[in-house]
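Engineer: Here you go, one structure.
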Amino acid sequence: MPIRSILAGVGGYLPKRVLTNDELARSVETSDEWIRERTGICQRHIAAPHETAAFMGTAAARAALADAEAATDEVDAIILATSTPDQAFPATALRVQAALGVTHGFGFDVAAACAGFIYALAIADGMIRTGQARGALVIGSEVYSRILNWQDRGTCVLFGDGAGAVFLRAGHGSGRFDRGVLSTHLHSQGTLGDILYVDGAVGQREKSGHLVMNGREVFRHAVVRLAEVVDEALAANSLGRHEIDWLVPHQANLRIIDAMGRKLGLPAERVVITVDRHANTSAASVPLALAEARGDGRIRPGDLVLLEALGGGLAWGAALVRM
């Protein structure tokens, strides 16, 4: 029987500090009502100096391993998605590898902005299917609070910090009702890179390095592109929209999430929403939402879960997983 990646464990980590809309309104021209009405966000978590991408990623990875009842010697690969690495190099994944005490295998980072976790999941799934790894940690970890312009109410209200992780274990399956990652689907359109980007990097030291976004354009493309990739994933597995048990979307904006739920014909109670409490944690948002819904018992073994995300690049993707 063909090898398939089984999603064996899920974990998450959120910084201790919570920043509410009312508190944010004391330093920038905004209000709780303005933010809630446009985004659905009520609060976000903000990392302390010691809560780096590696620190949070390690905590989320430990939680995922514990959930899977897996030992660190089962970890052959660590693939970490982030747009806010601790250093240019070594990769944040390698800092996590050291912190976990994993002494074999390999690790690397993936940069695909908010779609990073879906990209990392697809890479890990491919490596397990081809036998390059039997156990893989896939992590999204972000500290967007450190790349925001805190005077720009159009962006600073939208983002938060955190990390989420899953542990994939090699198993067997071939049908759509067998456990595991059924398929992943990735896309990008580089010509749209200027509607959502960071205006600086290590190679551009004269730039300030703040996030810049054309929110109207991002929203327009997000709804269209995500609907397309969702239909692509369902068609690849001969599944109908009515067969999806749970939608775990990228947590960017409640309006986008609601639009996707309506397109799929899913009732609100079948859509996992954390944006109200976490805000947009970029590559961490999908695994954090998955960890919450798995942890509180909403998502159960056998459920068909659709994961989707879109971010700067533009980059977007989807994955279908049978839990």
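Engineer: Taking the range 131-160, which chymotrypsin sites (Phe, Trp or Tyr not before Pro) meet the DSSP loop condition and have no more than 13 other C-beta atoms within 10 Å?
Structural biologist: Numbers: sites: Y144, W150, F159; in loops: W150.
Those satisfying the criteria are W150.
Engineer: For the chain, which DSSP H helices look membrane-span-like by this rule: Cα extent along the axis of 18 Å or more and mean Kyte-Doolittle of at least 0.5? Walk me through the numbers before you get to the answer.
Structural biologist: On the way: long enough: 53-68 (22 Å, 0.98); 116-129 (20 Å, 1.24); 215-236 (31 Å, 0.42).
Answer set is 53-68, 116-129.
Engineer: Computed on alpha carbon atoms, what radius of gyration and Dmax characterise the range 124-229, expressed in Å?
Structural biologist: Rg, Dmax (Cα atoms, Å): 18.4, 53.
Engineer: Report D for the range 1-111 in µm² per second (integer): Stokes-Einstein, Kirkwood Rh on Cα pairs, 10 °C, 1.306 mPa s.
Structural biologist: Numbers: Rh = 16.3 Å.
So the translational diffusion coefficient is about 98 µm²/s.
Engineer: Still on this model: Zone of T72 (label point 7 Å along Cα→Cβ, backbone N under 18 Å): which residues in the range 150-191?
Structural biologist: Zone members listed by number: 165-168.
Engineer: Turning to a different aspect of this structure: In square nanometres, what is the average projected area of the Cα convex hull of the chain?
Structural biologist: Numbers: hull surface 61.3 nm².
Approximately 15.3 nm², given one-decimal rounding.
Engineer: Sticking with this one: For the range 126-204, state which trypsin sites (Lys or Arg not before Pro) are in a DSSP loop and have at most 16 other beta carbons lying within 10 Å of their beta carbon. Write down the numbers at each step before the final one.
Structural biologist: Working: sites: R129, R134, R146, R153, R169, R176, R179; in loops: R134, R176, R179.
Counting only loop positions with at most 16 other Cβ atoms within 10 Å, the trypsin sites (Lys or Arg not before Pro) in the range 126-204 are R176.
Engineer: Can you list the residues of the range 1-36 with backbone N under 13 Å from a point 7 Å past the Cα of D276, pointing along Cα to Cβ?
Structural biologist: 36
Readers should treat all values here as calculations from the given coordinates under stated rules, not as data from a laboratory. Every value quoted in this text rests on a predicted model; they were computed, and no experiment measured them. When we count neighbours, we look across all protein chains shown, and the Cβ atoms used for this are built from the backbone with ideal geometry, even at glycine.
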